[in-house]
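Enquirer: Once you've had a glance at the structure underneath, I'll fire off some questions.
Derivation of every value follows stated rules applied to the coordinates shown; laboratory data play no part. Bear in mind that the values here come from a model prediction, so they are computed numbers and not experimental data. A quick note on method: Cβ atoms are made from the backbone with ideal geometry, for glycine too, and the neighbour counts reach across all protein chains shown.
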């Protein structure tokens with residue numbers, strides 16, 4: 001996860017912003033996690049297919065040393081957060097969770113490799129994971145995670161092209177658990193405070 005100071009930003013305006021907000025509000029109003037994330041996956045795929053929402057140009061700008069996290073919107077009523085992530089070639093995450101929050105992720109540009117894990121064994125702050133599936137998600141596709149099935153890795157597998165993904169979190173996500181590989185099949189847990197890159 002990125003290690004940098006938070007950058008305060010005014011709310012961003014972009015084409016289709018209200019379309020995106022209205023779709024998320026309608027999905028959250030269903031008040032059922034499974035129904036909400038299904039509605040959001042469908043809505044994101046439709047927006048990307050129809051190009052009714054166009055993210056701001058800043059999301060195409062990579063950041064040296066880490067993937068970029070740019071906040072596009074936080075709902076004052078419902079508390080959900082919308083983050084655009086920009087992945088330079090070969091940038092990715094360790095195994096991580098979402099601190100118990102559901103998330104819907106859409107690939108807006110490029111391709112991302114997503115690998116999901118189940119927890120196999122725990123010994124204090126040490127964890128063993130079992131890989132349960134890996135896929136290449138292309139532009140226009142969307143997926144979701146609902147705890148406890150939230151352990152995963154995201155990586156831009158391209159050596160040359162950037163990727164951009166849009167993430168909708170149940171609540172503003174300020175921290176997550178990351179699991180660093182000890183090299184012997186075990187991973188050690190650490191709580192990571194998340195911060196933002198400049199959006200302009």
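Enquirer: All but one of (1) within 17 Å of the chain's Cα centre (by Cα); (2) assigned to a loop (DSSP other than H, G, I, E, B); (3) more than 23 Å from residue 111 (Cβ to Cβ) hold for residue 15; which doesn't?
Expert: (1)
Enquirer: Just need a number here: residues in the range 52-74 that are surrounded by fewer than 16 Cβ atoms within 10 Å (Cβ to Cβ) and either touching a helix residue (DSSP H, G or I) at 6+ places or on another chain (Cβ under 9 Å) or within 21 Å of residue 193 (Cα to Cα) (or both).
Expert: The qualifying residues number 4.
Enquirer: Okay, next question. If a residue must be surrounded by fewer than 14 Cβ atoms within 10 Å (Cβ to Cβ) and not in a helix (DSSP H, G or I), how many such residues does the range 20-51 contain?
Expert: 4
Enquirer: If you don't mind, another one. What do you reckon, is residue 54 out of contact with any strand residue (DSSP E or B) (no Cβ under 8 Å at 6 or more places or on another chain), assigned to a helix (DSSP H, G or I) and at negative phi?
Expert: Working: out of contact with any strand residue (DSSP E or B) (no Cβ under 8 Å at 6 or more places or on another chain): yes; assigned to a helix (DSSP H, G or I): no; at negative phi: yes.
It is false that residue 54 is out of contact with any strand residue (DSSP E or B) (no Cβ under 8 Å at 6 or more places or on another chain), assigned to a helix (DSSP H, G or I) and at negative phi.
Enquirer: Could you list, in sequence order, all residues of the range 166-188 that are surrounded by 17 or more Cβ atoms within 10 Å (Cβ to Cβ) and not in a loop (DSSP other than H, G, I, E, B)?
Expert: Matches in the range 166-188: 166, 167, 168, 169, 176, 177, 178, 179, 187.
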